[in-house]
Amino acid sequence: MTMNSKLTEYIEREIIPLYSSFDKAHQTDHAREVISRSLELATHYDVDINMVYTVAAYHDTGLSEGRERHHIVSGEILEADLELRKYFTAEQIAVMREAVEDHRASSDHEPRTIYGRIVAEADRLIVPQTIIRRTVQFGLAHYPELTREEHFIRCKEHLVDKYGENGYLKLWIPHSQNAVRLAELRKIIANPTLLRELFEAIFAEELN
């Protein structure tokens, strides 16, 4: 199956640019990376790549209304986009909406379809230093009143809560490299000296 050029032209023109107004961790490069990783993971499954591409492109569009319900709002944005009716059936759109809703790492349930599992896995993007950097960026953007030490404490607590041995993050696709990278990140989290060194270097870069 090949990508529908009209669909990709529309999404490149109207949807991807939406990410430019989001926080540093969710800019257009994030959308493109999730799309790329989703399409790569999709090669292992019998799926519609146009659906995979669309789910990945829309997965964080709901950040336009805040982080807390962004996965739900993203699904609503996808379903409400009349342009997509030219390329997909109502059933396909419903599946894509569910996939977008299910992508969030803190979700209390497993993704309902392979499309949800693919985008959820692609969205993990577990690169240890990138994860730490995005945690620092979020803290600086949303809690500017914190001291440097308080930022470090917040960063460590978030990393443990999400990526630690008992963290809430779950992986869904066996073909992904995320499991290996998660193990690397956990070693950093468990090494206070190394974690502090990485935090200090990244924190200084972000301040500058």
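The numbers here are math on the coordinates, done by the rules we state, and not lab data. The structure presented is a predicted model; accordingly, all values stated were derived computationally and were not measured. Cβ atoms come from the backbone with ideal geometry, glycine included; neighbour counts cover every protein chain shown.
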Helix-only mean residue ellipticity at 222 nm for the chain, each DSSP H run of n ≥ 4 adding -39500 (n - 2.57), per residue, nearest 500: -18500 deg cm²/dmol
Three semi-axes of the equivalent ellipsoid, the chain, Cα gyration tensor, whole Å, largest first: 32, 19, 14
Listed residue (Ile189, Pro174, Ile132) projecting farthest to the positive dipole end of the chain, Cβ model: Ile189
Per-residue HN-Hα couplings for segment 172-187 [Karplus 6.51, -1.76, 1.60; θ = phi - 60°; Hz; x = Gly/Pro]: 10, 10, x, 7, 7, 8, 4, 4, 5, 5, 5, 4, 5, 5, 5, 5
Under the Debye formula (equal points on every Cα, no solvent term), log10 I(q)/I(0) of segment 38-147 at q = 0.11 Å⁻¹: -0.38
Sequence-separation-based contact order of the chain, relative, with Cα cut under 8 Å and 6+ spacing, percent: 17 percent
Alpha-carbon centroids, segment 164-208 and segment 60-117: separation in whole Å: 27 Å
Net charge dipole size for the chain [Lys, Arg +1 and Asp, Glu -1 on Cβ; Debye, nearest 20]: 400 debye
Dipole magnitude (debye, nearest 20) for segment 1-108, charges at Cβ of Lys, Arg, Asp, Glu: 240 debye
Crossing angle, helix 28-42 versus the chain [Cα axis fit, 0-90 degrees, rounded to tens]: 60 degrees
Most to least packed among 140-148, 60-68, 30-38 [average Cβ atoms within 10 Å]: 30-38, 60-68, 140-148
30 Å Cα cut-off, lysine pairs counted over the chain (separation 8 or more, or different chains): 11
C-alpha long axis of helix 192-207 to longest principal axis of the chain, angle in °: 70 degrees
